[in-house]
Each structure stands twice: as C-alpha cells, then as structure tokens.
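Here's the structure we're looking at; comments come further down.
FYI, it's all coordinate maths here, none of it is from the lab. Values in this document were obtained by computation on a predicted structure and should not be read as measured data. With ideal geometry, Cβ positions are generated from the backbone for all residues, glycine too; neighbour counts draw on all protein chains shown.
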Amino acid sequence: MKTEISATEAIVTGGGSPARRLRSKADTTGAKIRSVLKHAGLTALAVLMLYPVVWMLVSSFRPTAEIFTTPGLSLEGFTLENYTLGWDALSQPFGRYLLNSALVVLGAIVGNLVSCSLAAYAFARLAFKGRRWMFGLMLLTIMLPLQVIIVPQYIMFNSVGWVNTVLPLIVPKLFATDGFFVFLMVQFIRGLPRELDEAARIDGCGHFRTFWQILLPLMTPALATTAIFTFIWTWNDFFSQVIYLTSPESYTVQPALRAFLDSQGQSSWGPLFAMSIVSIVPVFLAFLFGQKYLVRGIATTGLK
C-alpha cells in the first residue's frame with residue numbers, strides 16, 4: 001500500500017529523483033540561454049549588414065558637404081536636393097536608365113524562363129544519345145567565370161554590330177546559357193512523377209504538349225525562383241553592361257551610377273547616394289513579394 005502511494009506521488013510530482021529533475025531544469029535553462037545568445041548574435045549580424053544601407057539612406061538626405069563630416073546616423077540638415085539633382089545630373093534623366101534596365105531585365109527573364117525550362121525538360125525526360133556528357137558539360141559552365149569568355153563574346157558581338165545595344169545582354173539568354181537555372185529546373189522535374197507523362201501519352205499528347213500543359217504548370221516554384229534570381233542578378237550586373245553599353249543613352253542603372261563618380265571631374269556623393277537608393281527599391285520589392293516563392297522553389301528542387 002505504501003509502495004503504491006509512493007508511486008502515485010512520484011507520478012503527481014513529475015517522477016524521477018530530485019537530481020534528475022534538477023538536471024532536466026538545468027538543461028531547459030541552458031537551452032533557453034543558447035537560444036537567447038543565438039538570436040542576439042543573429043540580430044547583431046543583421047544590424048552590421050544593414051548599417052551601410054541605412055547610412056547611405058540617411059546620407060542621401062544630407063547636404064553633400066555634411067555627408068563625410070557628420071558621423072553616425074544623426075540627420076542634422078534634411079534636404080531632398082540630392083534626389084532632384086541626381087535625377088537630372090547626367091546627360092539623360094535617371095528614369096531613362098531605369099527603363100533601360102527594365103528592358104534588359106524583362107528580356108533576360110523571358111529568355112531564361114523559356115530556354116532553361118525547355119532544356120531542363122529535355123535533360124530530365126528525353127532519352128537521347130550523349131545526354132549524360134552534355135548534362136555534365138552544362139554543369140561545367142556553372143564553374144566557368146564570365147571573365148574567361150567575355151573577350152571572345154565581345155569579338156563575336158562586335159563583328160555582328162551588336163555592341164552598344166541590349167542584344168548581347170538578352171539574346172544569349174534565349175539559348176539556355178545560364179546552367180544554374182537549367183540544373184535547378186532539371187532537379188525539380190525529376191521530382192515530378194513520371195506517371196504524369198505516361199498518362200499524357202495515353203491521351204495522345206506529344207512531348208511539347210506534355211511539357212506545356214502537364215509539367216509547366218507544376219513548375220511554378222522553380223520558374224518563380226528563376227525569374228527572381230534573374231531579375232536580381234541582371235539588375236545588379238555591372239561588368240557585362242559596362243562592356244557592351246558604351247553610349248550614355250544606352251546606359252542601364254549600374255553604368256549610370258558609375259558615371260556620378262567622374263562627372264565633371266569630381267564625385268557627386270549626395271546625388272550618387274540618392275540614385276543608389278532609387279535603384280535599390282526594385283530589388284527590395286522583388287525580395288519582399290517573391291520571398292516565399294524563392295524559398296519554396298529552392299526547397300523543392302533537390303538543393304536542400
């Protein structure tokens with residue numbers, strides 16, 4: 001009887017010896033401390049990463065003479081002059097460069113979505129001779145730096161008269177030259193059941209109809225990831241755009257921002273910071289509205 005009462009009391013009081021309960025409480029406390037330290041460290045890292053952007057945002061509202069003389073984030077003299085001067089500081093209004101970037105980005109997105117999805121379907125679903133070594137060769141292009149091929153590309157595009165146009169920045173995207181996105185979509189398609197293809201063939205669908213009506217609607221996460229990455233990488237690209245776009249009228253945002261540093265032989269820091277903030281807004285909106293598609297697309301393409 002006494003044993004039964006002791007067992008009941010052990011169940012009611014949580015069971016186990018006092019030492020075990022103390023050890024469990026200590027483990028819980030340690031886990032809480034580690035969690036607090038981890039979040040504090042991540043918060044500090046986030047502040048460290050965001051500080052330059054916040055400082056540039058604050059400096060864009062300062063008079064140019066106070067940008068490097070006023071430390072920290074304190075804003076003593078508020079002005080919008082940098083935005084008005086920066087918009088018309090170059091040979092063309094800054095809106096012209098935004099439109100040029102939008103044109104290049106739109107062409108690159110459409111080209112990558114069409115060509116990379118078709119190439120991925122061929123690698124993932126079609127059986128043709130040389131598929132394995134061609135897929136391996138495509139993967140090798142991911143590790144090939146742009147600086148290695150920029151000279152022969154420039155010679156080729158210059159021979160056909162495409163330099164100082166947006167064609168060298170858009171046309172290659174129509175031929176699935178971005179191997180990363182091909183690989184991304186191949187991994188996604190391989191995760192789709194082949195029974196869908198077999199059912200489509202029974203219904204009389206060919207390869208193109210199977211791709212267009214069956215698989216493509218299911219590839220939305222991978223397509224969204226491709227579109228977002230293409231937008232960000234193309235919008236922020238400086239090297240290839242400054243190589244191929246030589247006249248100020250054809251400049252995109254990145255070469256236009258570079259022009260602020262040698263306009264009239266001096267650096268216009270205030271207008272430069274102001275227009276840099278303007279150029280960041282589209283990238284910020286792309287992350288804001290496409291974050292869930294970005295995470296979902298990467299998590300479901302075999303890269304996890």
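Figures for the structure shown
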{"quantity": "Sites Arg23 and Val47 - FRET efficiency at Förster radius 51 Å, r taken between beta-carbons, to 0.05", "calculated": "0.90"}
{"quantity": "The range 156-215 and the range 98-132: distance between their alpha carbon centers, rounded to Å", "calculated": "4"}
{"quantity": "Spin-label pair Val281/Ala199, simplified geometry with 7 Å Cα→Cβ offset, distance in nm", "calculated": "4.6"}
{"quantity": "Near-label residues of the range 226-243 by backbone N, under 13 Å of a point 7 Å along Cα→Cβ of Leu99", "calculated": "none"}
{"quantity": "Label-point separation in nm, Glu76 to Leu140, each point 7 Å along Cα→Cβ", "calculated": "6.1"}
{"quantity": "Total lysine pairs whose alpha carbons fall under 26 Å of each other in the chain (8 or more apart, or interchain)", "calculated": "6"}
{"quantity": "Mean separation of Cα contacts under 8 Å (6+ apart) over length of the chain, as relative contact order %", "calculated": "27"}
{"quantity": "Alpha carbon centroid spacing (whole Å) that separates the range 230-246 from the range 30-87", "calculated": "27"}
{"quantity": "Candidate values (i) 25.7; (ii) 34.2; (iii) 28.9, label of the one derived for mean projected area of the Cα convex hull in nm²", "calculated": "(iii)"}
{"quantity": "By average C-beta atoms within 10 angstrom, highest first, the peptides 71-80, 94-103", "calculated": "94-103, 71-80"}
